[in-house]
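One structure is given here, and the rest of the page talks about it.
Bear in mind these aren't lab numbers, they're just calculated from the coordinates by the rules spelled out. All values reported here derive from a predicted model rather than from experimental measurement. Neighbour counts run over all protein chains shown; Cβ positions are idealised from the backbone, glycine included.
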Amino acid sequence: MGALIRGKAHLLGDDINTDIHCSSKYHPGRDNAYVAQHVFEQLVPGFAARLAKGDVIVAGRNFGNNSSREQAVHILRLLEVGAIVAASFGRQFFRNCINNGLPVVECDVTGISGNDEVEIDLALGRVAVPARGIVREVPPLPGEVQAVLGAGGLIPFLKAHPDWRIPSPLTGEG
Amino acid sequence: MGATIAEKILSSHSGTRSARAGDVVVASVDFAMLHDGRAPNALKRVAELGAGKLPFAARTAFVMDHYSPPPHAEAANVHREMRAFAEAHRTVLYDVGDGICHQVLPEGGHFTCGDLVVGTDTHSTTYGAFNAFGTGVEGTDLAAVMMTGRLWFRVPETIRVELRGRLQPGVWAKDLTLAMLGRLGAEGANYKAIEYAGPAIAAMEIDDRMTLANHAAELGAKAALLEADEKTIAWLQSRGARGPRPVTADPDARYSERIEVDAAGLPPQVARRHKVDDVVGVDEAAGQRIHYALVGTCTNGRLDDLRQAAAILKGRRIAQGVRMIVTPASRNVYLQAAREGLIEALTQAGASVEAAGCGTCVNITGHLITGDGDVVISSANRNFKGRLGNANSEIFLGSAATVAASALTGRITDPRTVDGGDWRPVSKAA
């Protein structure tokens, strides 16, 4: 762990309910690949097309609110989103992100603009936009959560550690 | 420093001496639940995990309640898959018509005070009515629990709510929660646990306590916890639950917020169209014309809810042009309601009583289809625009008593103004 996540910022606002904007509820009968291409398009037309691998979603309050559908996270993984930084998250959405290996950081996002290069250090607990001189300390994710994220999600984590033994962040040993 | 109920339960289940808010623990789960709405994803995740054995299956209930009865072949096929899986791995199974997950789990005696229970549904907070830490999870979580019996949790901060006095006749836990929603806003307790305490809780019957814990999901709560008393323990024992291990909060526990609510002075509340937190006293909504009335769902489909409705509607007739649906929370609730003559009273009054289940809440079953301009008064928990499938209709939320009183007059009505609207249960235990 400790690898720096670096990606271009894509801004979204407050109270983005992923239920509406990135699940098949919005596109009944369509598969994830189709839904992914239309993600958030009601709010930001062409969002998916502009998203490159490893880019970072920067959002306001309650991101993923009301939706406990894990599929909303599968869509974002499919689009290879590098991380999500938001002022706050819906509870189950936050959980689903970690369980599916998508880094999430709760952090003040004021001053961050679209296309800014955002740097996230999960181990240290830091979000930075070097070009704007923004450096924000956040409580680092607990070791257990970092381990699950590092493994790519809960299922790969449990395949490697069926007894839930958390690898030590210092030695990498279980 | 003392601990909250949430901190104590998560500590005792993770072998951590003193887990506190903000800590992440890996905790042993006592019971798990998967309902048909989330079964396809969860079973896919179980397959991905590729575990040969699922030691926790015997302590996992599969519940077919969202598609009860299934409205299309796709749902019926999900049920087939659940039945086959349940048989192969020996999970507990509740089939179509048996009832809503949050009702059949306690009725089945599957958990007790002090337990840690997870379910694939945000309203899994219901189990907190019995002093158990109940919380909602998703398919990956459920797969992990079925394989290992354990799961990671972030220990939540707790909001302590002290209820002053006791609710007056005609006022219910539903009204209390709606008042909380008006005050804190939807998701006002996001990530957090809520502890409810005070004389109003002691006076409440179990059914109403379940509403209180259940409906905390609309506040965004991760869990809603009540302390156990004689009523709790007697109820659990009568359902064959394991010996209770009641957990209390320490007097010096640390809370993120303390709130006082004047329970005694609270009138019936109504959440107005489209927003669970646009809440007013029933007076302010009174007179609003309604076309549809629903008593049911995991929030208010229990016996005391049906009794409230029947107390108002017995020997009368709902207003012309109003349609009313009643969905008992479980087969047991249905049976007891039949024994007490409630089903007869409600049916004679003009209501249609449906199979136990929760599909009417989001109209999954296709039985509650509204027309353009229709206004629904519902005892359910959410009233988002279009929740019943037609964005050109509106949903108001209130207690079962408010729903029944409104069905009677055709307009939103304070139940205390109609005969029978002041009905309240007589406690057996205390």
ask   = Once both labels are modelled 7 Å past Cα along the beta-carbon direction, what's the A:Ser113-A:Ala160 spacing in nm?
value = 3.9
inquiry  = In 10 Å bins starting at zero, report the fraction of Cα pairs in the range B:270-417 per bin as a rounded %.
reply    = 13, 48, 34, 5
key: Ellipticity estimate at 222 nm from DSSP helix runs (n ≥ 4, -39,500 (n - 2.57)) divided over chain B, nearest 500   = -9000 deg cm²/dmol
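What is the Cα convex hull volume of the protein assembly as shown when expressed per residue in Å³?
So the per-residue hull volume is 143 Å³.
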message = Students often check this: by mean Cβ neighbours within 10 Å, which of A:122-132, B:93-103, B:264-274 ranks highest, and how do the rest follow?
response = B:93-103, B:264-274, A:122-132
remark   = Partner shielding of A:89-96, as the mean number of partner chain Cβ atoms within 10 Å, equals 6
message = Using 5 Å bins from zero, what percent of all Cα-Cα pairs in the range B:1-154 falls into each bin?
response = 2, 10, 20, 22, 19, 13, 8, 4, 2, 1, 0, 0
Alpha-carbon Rg/Rh ratio, for chain B, with Rh computed the Kirkwood way = 0.95
task = Taking just the C-alpha trace of the range B:77-149, give me its Rg and Dmax in Å.
result = 12.6, 36
query = Scaled to the compact-protein estimate 2.2 N^0.38 Å, what is the alpha-carbon radius of gyration of the range B:1-47, rounded to two decimal places?
reply = 1.55
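Equivalent ellipsoid semi-axes for the range A:52-92, as square roots of 5 times the alpha carbon gyration tensor eigenvalues: give them largest first, rounded to whole Å. Let's see the in-between values first.
Values: eigenvalues 60, 38, 5 Å².
They are 17, 14, 5 Å, listed from largest to smallest.
Take every DSSP beta bridge with both residues inside the range B:99-220 and express the antiparallel ones as a percent of the total, to the nearest 5. Can you show the working numbers first?
Details: 0 of 9 bridges.
Counting only bridges with both partners in the range B:99-220, antiparallel ones make up about 0 percent.
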note = Between the modelled labels at B:Glu340 and B:Gln320 (7 Å from Cα along Cα→Cβ) the distance in nm is 3.2
ask   = What trypsin sites (Lys or Arg not before Pro) does the range B:21-73 have in DSSP loop regions with at most 13 other beta carbons within 10 Å?
value = B:Lys53
task = Which order do the peptides B:139-151, B:376-388, A:103-115, B:250-262 take when ranked by the mean count of other beta-carbon atoms within 10 Å per residue, highest first?
result = B:139-151, B:376-388, A:103-115, B:250-262
remark   = Cα-based Rg and Dmax for the range A:66-127, in Å, come out at 11.9, 30
message = Which of B:Glu227, A:Glu144 has the fewest other C-beta atoms within 10 Å, and how do the rest follow up to the most?
response = B:Glu227, A:Glu144
note = Filtered hits (aspartates and glutamates, Cα-Cα < 17 Å from B:Lys8, offset >= 8 within chain) -> B:Asp23, B:Asp30, B:Asp115, B:Glu157, B:Glu195, B:Glu227, B:Asp250, B:Asp252
query = In nm, to one decimal, how far is the modelled label at B:Arg90 from the one at A:Arg132, with both set 7 Å along Cα→Cβ?
reply = 5.8
note = Across all Cα atoms of chain A, Rg and the largest Cα-Cα distance (Dmax), in Å, are 15.7, 47
key: the range B:4-92, Cα convex hull volume normalised per residue, Å³   = 128
ask   = What lysines sit close enough to B:Lys275 to cross-link, taking a C-alpha to C-alpha distance under 30 Å and skipping anything fewer than 8 places away on the same chain?
value = A:Lys25, B:Lys174, B:Lys192, B:Lys222, B:Lys385
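Quick one: compute the contact order of the range A:7-116, relative version, from alpha carbon pairs under 8 angstrom and 6+ residues apart, as a percent.
31
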task = Restrict the search to the range A:6-70; then list the trypsin sites (Lys or Arg not before Pro) that DSSP places in a loop and that have at most 11 other Cβ atoms within 10 Å of their Cβ.
result = A:Lys53
message = If you average the alpha carbon positions of the range B:61-78 and of the range A:41-88, how far apart do those two centres end up, in angstrom?
response = 30
